[in-house]
Amino acid sequence: MSDLLKGNKVQKTAYRNYKNNNPWPVNDTWHYATHLIIEKFVANWVNQHTYEKSICLNIGSGLSKYPVKGTLIQMDIISEYVENEPNYIVGSLEDIPIEDNSVEFIICVGSVLNYCDAIRSINEIKRVLKKNGKALIEFERSNSAEFLLTKDYGSAVFLKKYNYNNQEHLLWMYSEKYIKKILLHNSFKIENTYRFHVLSSLIYKLGVSEKESSKYYKLDDSFQLLSYPFAHNVIIEITK
């Protein structure tokens, strides 16, 4: 762990918390709903885009695997999550241990970006993707309704402490505008943006419990046009 994470307090905290726990506990309804949304979106994406003989790198994979056509490489900072997979790498998004221009597709979901330096991470995604390669990036937004009427709402980046899975987690919360600016600076083409936990976040802000407010994720598809000021999470599809 020390060689991978060095002085990164946020990633060290994540490593310690996740090493001996299920990353998507079923009894945590908010995060389990997040898992279901991501799984469905990614499964549709890989079915649409991946092809035989392509290589897809799943960064921060945890225990999640997707039905890619071609080769799936599972990568995580926690070796126990991936070491039994046929193709795996132990590594960090900030320093991906593979060669330049070596994969056609990248999946980086499950808020992996929120534990990392966004500029360094997006540079790494650009480096390892082949020309015309595609990627999915998902993260938690500072634009979330959770932060409405606070100084942090819409901030480019701020550090947030969360109680998740009975543990204290540290996450870098990024604004959608900030991440898209980094992507465009790296000459990525933004193909699609899908926001979720739209009403969920607003209802949670109004004082409804996380368990009850999480149920409103089922309405996310209907509220995409109103999602920007409220959604807690976003998935961005990009092409190099």
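Note that the range 187-197 has calculated 3J(HN,Hα) couplings of 6, 7, 9, 8, 8, 6, 10, 10, 9, 9, 6 Hz, one per residue in order, obtained from phi through the Karplus relation 6.51 cos²θ - 1.76 cosθ + 1.60 (θ = phi - 60°); glycine and proline are x. Only DSSP H runs of four or more residues enter the estimate; each adds -39500 (n - 2.57), and after division by the residues of the chain the mean residue ellipticity at 222 nm equals -8500 deg cm²/dmol. Its Cα gyration tensor gives the chain an equivalent ellipsoid, and the semi-axes of that ellipsoid, as √(5λ) in whole Å with the largest first, are 26, 20, 18. The lysines whose alpha-carbon is closer than 23 Å to the alpha-carbon of Lys177, local same-chain residues fewer than 8 away aside, are Lys126, Lys134, Lys151, Lys160, Lys161, Lys189, Lys205, Lys240. Of all complete DSSP H helices in the chain, those with a Cα span along the helix axis of 27 Å or greater and a mean Kyte-Doolittle hydropathy of -0.5 or more are 29-49.
Go ahead and run the numbers for FRET between Asn192 and Asn27, Cβ-Cβ distance against an R0 of 25 Å, rounding to 0.05. Computed FRET efficiency for Asn192 and Asn27 comes out at 0.20. For the range 153-195, GluC sites (Glu not before Pro) are listed when DSSP marks them as loop and at most 11 other Cβ atoms sit within 10 Å of their Cβ; the list is empty.
Taking the Cα centre of the range 141-233 as origin and assigning +1 to Lys and Arg Cβ atoms and -1 to Asp and Glu Cβ atoms, the resulting dipole is close to 200 debye. To put it simply, the accessible area of the chain at a 1.4 Å probe is 51 percent carbon and sulfur. Which value does Rg/Rh take for the range 57-141 over its C-alpha atoms, Rh per Kirkwood? Reported Rg/Rh, Kirkwood definition of Rh: 0.92. Based on protein heavy atoms only, the range 79-129 ends up with 40 Å² per residue of surface accessible to a 1.4 Å probe.
Less than 5 angstrom separates the built amide H of Ser61 from those of Met75, Asp76, all sequence-distant by 5 or more or on a different chain.
Between Asn143 and residues 5 or more places away or on another chain, which pairs have amide H atoms under 5 Å apart, with H built 1.01 Å from N, and which residues are they? The answer is Gly154, Glu176. Among Thr193, Tyr88, Ile125, whose Cα lies farthest out toward the positive end of the dipole of the chain, if unit charges sit on the beta carbon of Lys, Arg (+1) and Asp, Glu (-1)? Result: Thr193. Under 5 Å from the amide H of Val157 lie the amide H atoms of Ser175, each residue being 5 or more positions distant or on a separate chain, with H modelled from the backbone and absent for Pro and chain starts. Taken over the range 141-240, the alpha-carbon convex hull comes to 113 cubic angstrom per residue.
The values are calculated or read from the model by the stated rules, or taken from the named source; none is laboratory data. This structure is a prediction, so every number in the text was calculated from the model and none was measured. When we count neighbours, we look across all protein chains shown, and the Cβ atoms used for this are built from the backbone with ideal geometry, even at glycine. Surface areas here come from the heavy atoms of the whole protein model, side chains and all, with no ligands, DNA or RNA. Shrake-Rupley method; radii C 1.70, N 1.55, O 1.52, S 1.80 Å.
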